[in-house]
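Visitor: Pasting a structure here, questions to come.
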Amino acid sequence: MMPHLTLIFGHSPKPWALDVLVVDVDGVDCLIVEELLQIVRPKILQVEVVAHIPPPFRFSLHWHASHSPDWDRFYHADRFTPTAGCSLSYALHKFRPFGYDLLRLTEHDAVFVHQSIAKVIETGYHVKLPQDEFQCYRNSTLWFQRPASYVREWFFAKHPSAVIGRIWSNISFLNVEMGREPLPFTLDF
């Protein structure tokens, strides 16, 4: 990727400034953003997130050198991929150290704003940054690839430890069902 980016940005000092970066690859979205943030610094960052893994759970699919190319061959945009991507909490956990605050959650994506333009966004959108991830999640219209009853149970559990095993089992079962085992992923809170 670096040779292509060098053609665009030349040899100017990193991180290179961008106005907007959108990542939606139906796979390892957050991992790609984590790598890109080493060399670019967008003012606005929009990333597809897995809406059916609610806060505070931090979930992310991982790349597997020997298995991922096979899984990619069978990918189709019209087929559900409920075990791909990353959760809102995972994205926040990984992007905050780079200076990003949550602005909003859409049906499929989370929108983050770099702290360098936070005041402008707060004034223009009449919001206070950072937005609370739990409140954003509650107030959003989300697209689930899992039954809403599961997501509701996970989100409203008395403590995350009470349901993390069920989430792990559901993800693992879906990976087997989709022929994508052993699919590496992270899940914690």
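No value in this document is a laboratory result; all are computed from the given coordinates. As the structure is a computational prediction, the values presented were derived from the model and not from experiment. Every residue, glycine among them, receives a Cβ derived from its backbone with ideal geometry; neighbour counts consider all protein chains shown.
Visitor: Using each residue's phi in segment 17-24, evaluate 6.51 cos²θ - 1.76 cosθ + 1.60 at θ = phi - 60° and report the 3J(HN,Hα) Karplus result to the nearest Hz, with x for Gly and Pro.
Guide: After applying 6.51 cos²θ - 1.76 cosθ + 1.60, I find 7, 10, 7, 9, 10, 10, 10, 8 Hz.
Visitor: Additional query: Quote to one decimal, in nm, the extra length available between T123 and H62 on full extension: 0.36 nm per residue of separation minus the C-alpha distance between them.
Guide: On the way: separation 61, 0.36 × 61 = 21.96 nm, distance 3.75 nm.
Gain on stretching T123 to H62: 18.2 nm.
Visitor: With r as the distance between the Cβ atoms of V176 and H11 and R0 = 45 Å, compute the FRET efficiency 1/(1 + (r/R0)^6) and round to 0.05. Numbers along the way, then the final one.
Guide: Numbers: r = 48 Å, r/R0 = 1.06.
With R0 = 45 Å, the Cβ-Cβ based efficiency is 0.40.
Visitor: So, one more: So, in the chain, how many Lys pairs have Cα atoms under 29 Å apart, if the pair is 8 or more places apart or on different chains?
Guide: Within the chain, the lysine pair count is 11.
Visitor: Springs between alpha-carbon atoms under 10 Å, Gaussian network over the chain: tell me which of V23, V163, V127 tops the mean-square fluctuations.
Guide: Residue with maximal mean-square fluctuation among V23, V163, V127: V127.
Visitor: Right, another one. What distance in nm separates the two pseudo spin-label positions at D132 and D19, each 7 Å out from Cα along the beta-carbon direction?
Guide: 3.4
Visitor: Mean residue ellipticity at 222 nm from the helices of the chain, using -39,500 (n - 2.57) per DSSP H segment of n ≥ 4 over the full residue count, to the nearest 500 deg cm²/dmol?
Guide: Values: 8 runs with 67 residues, N = 189.
Helix contribution divided over all residues of the chain: -9500 deg cm²/dmol.
Visitor: Ranked from highest to lowest mean number of other Cβ atoms within 10 Å per residue, what is the order of the peptides 48-55, 92-99, 29-36? Walk me through the numbers on the way to the answer.
Guide: Values: 48-55: 24.8, 92-99: 16.6, 29-36: 19.9.
Final packing ranking: 48-55, 29-36, 92-99.
Visitor: Assuming R0 = 41 Å, can you tell me the calculated FRET efficiency for the pair T141 and A162, based on Cβ-Cβ distance, to the nearest 0.05?
Guide: Values: r = 27 Å, r/R0 = 0.65.
The calculated FRET efficiency here is 0.95.
Visitor: Shifting gears a bit: Under the 0.36 nm per residue contour assumption, what length would be gained going from the current alpha-carbon distance of E35 and D188 to full extension? Spell out each step's value before the answer.
Guide: Working: separation 153, 0.36 × 153 = 55.08 nm, distance 2.09 nm.
Result for the pair: 53.0 nm of gain on full extension.
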